[in-house]
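Asks: Questions regarding the structure given below will be posed in turn.
Readers should treat all values here as calculations from the given coordinates under stated rules, not as data from a laboratory. Predicted model only: the values in this text are computed from it and were never measured. Neighbour counts are summed over all protein chains in view; Cβ atoms, including those assigned to glycine, are modelled from backbone coordinates with ideal geometry.
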Amino acid sequence: MKSALSWKIVAKCSTTKARVGLLTLPHGPVDTPVFMPVGTQGTLKGLTPKQLEELNCQIMLNNTYHLGLRPGQELIEELGGSHKFQNWNRNLLTDSGGFQMVSLLKLARITEEGVEFQSPHDGTTMLLTPEHSMSLQNSIGADIIMQLDDVVSSLTTGPRVEEAMHRSIRWLDRCINSHKKPETQNLFAIIQGGLNIDLRKKCIEEMVKRDTPGYAIGGLSGGEEKDIFWKIVSFSTDMLPKNKPIYCMGVGYAEDLVVCSALGVDMYDCVFPTRTARFGNALTSKGPLNLKSTKFAQDFEPIEKDCNCLTCKKYTRAYIHMHATRETVGCHLITLHNVSYQLRLMNSIRQAILNDEFPSFIQRFFKELFGGKDNYPIWAVNALKSVNIELLP
Amino acid sequence: MSLLFNLLKTSEKSLRLGNLILIKNEQKIILDTPNCLAYTVRGCVPHLTPDNLHDIPLIEAVTVTLEHFIDVQPPPSTQFPGGLHKFLNFEKYFLFIDIRDSGNIKAVSSNADKYVSIYTNHGVRQVMFDSYIEYMNIYKPDVFASLADKITDEVPSLKRIRKSVDRTLKWLDNALSNVKEGIHVFGVLTGHNNKEERIRSAKETAKRNVSGFVLNGNFLGNTSRERINILKSSLDNLPSNKPRLAYGLGTPEDILLGVSEGIDLFDTHYAAKMTDAGHAFIFSLDIKNDLDSCKQQKTINLWDTYFRDDIQPLLVGCQCYSCQNHTRAYIHHLLNVHEMLATVLLMSHNLFHYTKFFKSIRESIDQGTFSSKAERFFKVYDDEYKQEKEMTENSTTVILN
């Protein structure tokens, strides 16, 4: 199908499946692997677009479900789409809206037609179809849009998983057919199939035939065993075409980003860094710090010494401790740092791949984050072993 | 460090144009007066990270409240080696400290001869008069207000008022003899609503070696005029060569009346309060002719669904970050979905606008047009209470998780 992006691989790791790419979207370049922070309601949790640009954020997410409710499809279209609405001139990605229906709404029912749910406002029954999702996403106008998929919990087993996989393929076709702006918006397919390799394989074979501009690995990060998670990811990156970007949905923990990049994933999103900031948690290369804790009351170091974000340049942990979860400025300062941390991590992953030093980067990264080898998560050790990196020689 | 106050122009009544010049080390801060000090909560300007504050170029001074961050003993901020300016990242600002929140004084249990009761995050605490000076000597603010025995009773007795004047003077003497060199002290004027006591407090304070005066309009009067009239008995008894800072005067009417009675400095608590209510300032001292005939709004309420599709900036022609980048429709949406960027953008605009309002006041004093402009202002704009009533009906709820 038509594509409004170009993607070229700039460098490949000679040991793992990691790669650095340059993704060019309608609103500018995106260096991959990339972490995309989540601005659910057309705003990234208290940060201004200017602050995001200064952090060198090239792409962020908006949620279709939320924007569809408020300000609503008609209004966002009238106001010229989401970029203009929030004055964000760089790239946006929107999800299909389906995930929130399932995660937020108790009374969602999935039929062949679409996702049936009760409106949170007046309780009337509403239906989100693939066509409706495309229409909403066309109005919002993001650079990358996602197909409506039949999402089942990653813990579900049995025939429902297979049904959801087949239905996601049928819904992809309906999305392709109803997508009105393929010349400015890139539709990504979402691979389903639960934790079953055969179903994943079948799904990939069918979806690759549709030749969408990129592919997402869906239905993971839902509490499944991490050893199964990475195997599904690695299997998917093996099977998917090498000339298309691969997006692993809902991934955002630092170690997951490093491992999945080694497995060949190019794009990630997660609410974790911004959500945890609002609880007073700051991310660092040695693990998160809960700045609400009184042990930081007299700590006059910055959150991270070598971090060049505004928060670390200007304030001590003691100062942020006074504000964490009390003043909005406390949230803003930690959010700013956490987004900076994520983007800096991705930048160092890219630099390591470009210099073909990714394996030694990974060794250092794990050592710093987990302190000692005893603390390394086994799944990560196993996953990295599959791409020729021995964390525990 | 030196602090100089220059009166550049005075006029018929009590109108004054001046500047406060602070010189320390290599740094020179000039605060043109009349002006405002940015109101802070726990040492930050509400909602604004330092880069956003930096985008409001006319902010030169901040006022910091001690009771906001001494709930833990000893206060961690007193252990920080670099002084309070550095701890709060206010190095380039003129830093003023007082013990109680100038915008939101909560009535707490009474004061005694040796201590002041304050309201902290962990409940009511007492601060001894001598430990207050110790804090100041550690914090090294540019100026601090000496301790005051503030009256928060509804109808205080004359005995209580006299006591308050006496204690405040005693604490002032103690502050002046124990403060380290280079830190300046403003004396706080008391006397509540009693004219004789106000005069006594003003005259006695004026005899001391203070660098300026603080007047508190909180708990006094119901209208701008009532508040100013009470403060006037203090103002009339002050020397003209020292700056006067007033609390509790925030509405544009308060400011205009206060300026015409010779108040030089105000705080921006009102801008923070209106921001939290979802309002944006649109008032102006420079009223165009065609607006004369009808009453005008001083603020717009961004909660109003009227703005849902309004693609104008908060105020057409405004040069602030919000107005240069965002629409009323977007800010209405942000309020509606309880997103924190709403108050960031509103505060950016409101503070910017407030500082511009002070600038236009200074220009009009300089040009001799202040009185006529202020008169027009009162004629054209709605009375102040209508807007305050509206405000209490709406308030921002910010969801932190």
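Asks: Scan segment B:17-88 for GluC sites (Glu not before Pro) in coil per DSSP, keeping those whose Cβ has at most 16 other Cβ atoms within 10 Å, and list them by number. Numbers along the way, then the final one.
Replies: Numbers: sites: B:GLU26, B:GLU60, B:GLU67; in loops: B:GLU26, B:GLU60.
Passing sites in segment B:17-88 are B:GLU26.
Asks: Name the residues of segment B:314-349 whose amide N is less than 15 Å from a point 7 angstrom out from the Cα of A:LYS313 along the C-beta direction?
Replies: none
Asks: Let me ask you something else. Before anything else, pin down the relative contact order of segment B:283-388: Cα pairs under 8 Å, at least 6 apart, normalised by residue count, whole percent.
Replies: Worked out over segment B:283-388, it gives 36 percent.
Asks: Express in nm, to one decimal, how much length is gained between B:LYS106 and B:ASN222 on full extension, taking 0.36 nm for each residue of separation and deducting their alpha carbon distance. Before the final figure, lay out the partial values.
Replies: Details: separation 116, 0.36 × 116 = 41.76 nm, distance 1.76 nm.
This chain segment gains 40.0 nm when fully extended.
Asks: So which aspartates and glutamates can B:LYS150 reach, going by Cα to Cα under 15 Å and dropping same-chain residues fewer than 8 places off?
Replies: Partners found: B:GLU67, B:ASP98, B:ASP101, B:ASP113, B:ASP166, B:GLU197.
Asks: Next question. Set the bar at 29 Å for Cα to Cα. Now go through A:LYS84/A:LYS305; A:LYS17/A:LYS45; A:LYS12/A:LYS286; A:LYS180/A:LYS231; A:LYS292/B:LYS114; A:LYS45/A:LYS286 and name every pair that lies beyond it.
Replies: A:LYS84/A:LYS305; A:LYS17/A:LYS45; A:LYS180/A:LYS231; A:LYS292/B:LYS114
Asks: Can you bin chain A into rounded, prolate or oblate? Criterion: square roots of the alpha carbon gyration tensor eigenvalues sorted a ≥ b ≥ c, rounded for a/c under 1.5, prolate for a/b above b/c, oblate for the rest.
Replies: Details: a/c = 1.60, a/b = 1.22, b/c = 1.31.
Cα axes put chain A in the oblate bin.
Asks: Rounded to the nearest 10 degrees, what's the angle between the helix B:158-178 long axis and the longest principal axis of chain B, both from Cα atoms, 0 to 90?
Replies: 80
Asks: Across chain A, where is the longest run that never hits trypsin sites (Lys or Arg not before Pro) in a DSSP loop with at most 10 other C-beta atoms within 10 Å?
Replies: A:107-304
Asks: Excluding same-chain residues fewer than 8 positions from A:LYS209, which lysines have a Cα within less than 18 Å of its Cα?
Replies: Cross-link targets: A:LYS2, A:LYS201, A:LYS242, A:LYS244.
Asks: I would also like to ask the following. How high is the relative contact order of chain B, in percent, counting Cα pairs under 8 Å that sit 6 or more residues apart?
Replies: 15
Asks: Give me the percent of DSSP beta bridges within segment A:6-269 that run antiparallel, rounded to the nearest 5.
Replies: Numbers: 18 of 40 bridges.
Here the antiparallel bridges make up roughly 45 percent for segment A:6-269.
Asks: What FRET efficiency comes out for B:SER177 versus B:VAL124 if R0 is 30 angstrom and r is the Cβ-Cβ distance? Round to the nearest 0.05.
Replies: Here the calculated transfer efficiency is 0.55.
Asks: Moving on. Can you tell me how segment B:230-290 classifies by the Cα gyration tensor, rounded, prolate or oblate, using a/c under 1.5 as the rounded cut?
Replies: Since a/c reaches 1.5 but b/c is at least a/b, the shape of segment B:230-290 is classed as oblate.
Asks: Under the definition of partner shielding as Cβ atoms of other protein chains within 10 Å of a residue Cβ, what is the mean value for peptide A:312-321?
Replies: Numbers: counts 0, 2, 7, 6, 7, 0, 5, 10, 0, 2.
Across the residues of A:312-321, the mean count of other-chain Cβ atoms within 10 Å is 4.
Asks: Under 19 Å Cα-Cα from B:LYS13, which aspartates and glutamates qualify once same-chain neighbours fewer than 8 residues away are excluded?
Replies: B:GLU226, B:ASP236, B:GLU253, B:ASP254, B:GLU261, B:ASP264, B:GLU363, B:ASP366, B:GLU375
Asks: Taking the DSSP beta bridges in the protein assembly as shown as the whole, what percent of them are antiparallel, to the nearest 5? Kindly include the intermediate steps, with their values, before the conclusion.
Replies: Values: 45 of 92 bridges.
Around 50 percent antiparallel, to the nearest 5.
Asks: What is the mean number of Cβ atoms from other protein chains located within 10 Å of the Cβ atom of each residue in peptide B:305-311, rounded to a whole number?
Replies: Per-residue shielding by partner chains comes out at 2.
Asks: For chain A, list the cysteines whose Cβ sits under 4.7 Å from no other cysteine Cβ?
Replies: A:CYS13, A:CYS57, A:CYS175, A:CYS203, A:CYS248, A:CYS260, A:CYS270, A:CYS309, A:CYS331
Asks: Does the protein assembly as shown come out rounded, prolate or oblate, given a ≥ b ≥ c as the square roots of the eigenvalues of its C-alpha gyration tensor, rounded meaning a/c under 1.5 and, failing that, prolate meaning a/b above b/c?
Replies: prolate
Asks: So how far, in whole Å, is the C-alpha centre of segment A:214-259 from the one of segment A:364-393?
Replies: For segment A:214-259 versus segment A:364-393, the Cα centre distance is 18 Å.
Asks: Of B:ASN350, B:GLY212, A:CYS248, which is farthest towards the positive pole of the protein assembly as shown's charge dipole, taken about the Cα centre with +1 and -1 on the beta-carbons of Lys, Arg and Asp, Glu respectively?
Replies: It is B:GLY212.
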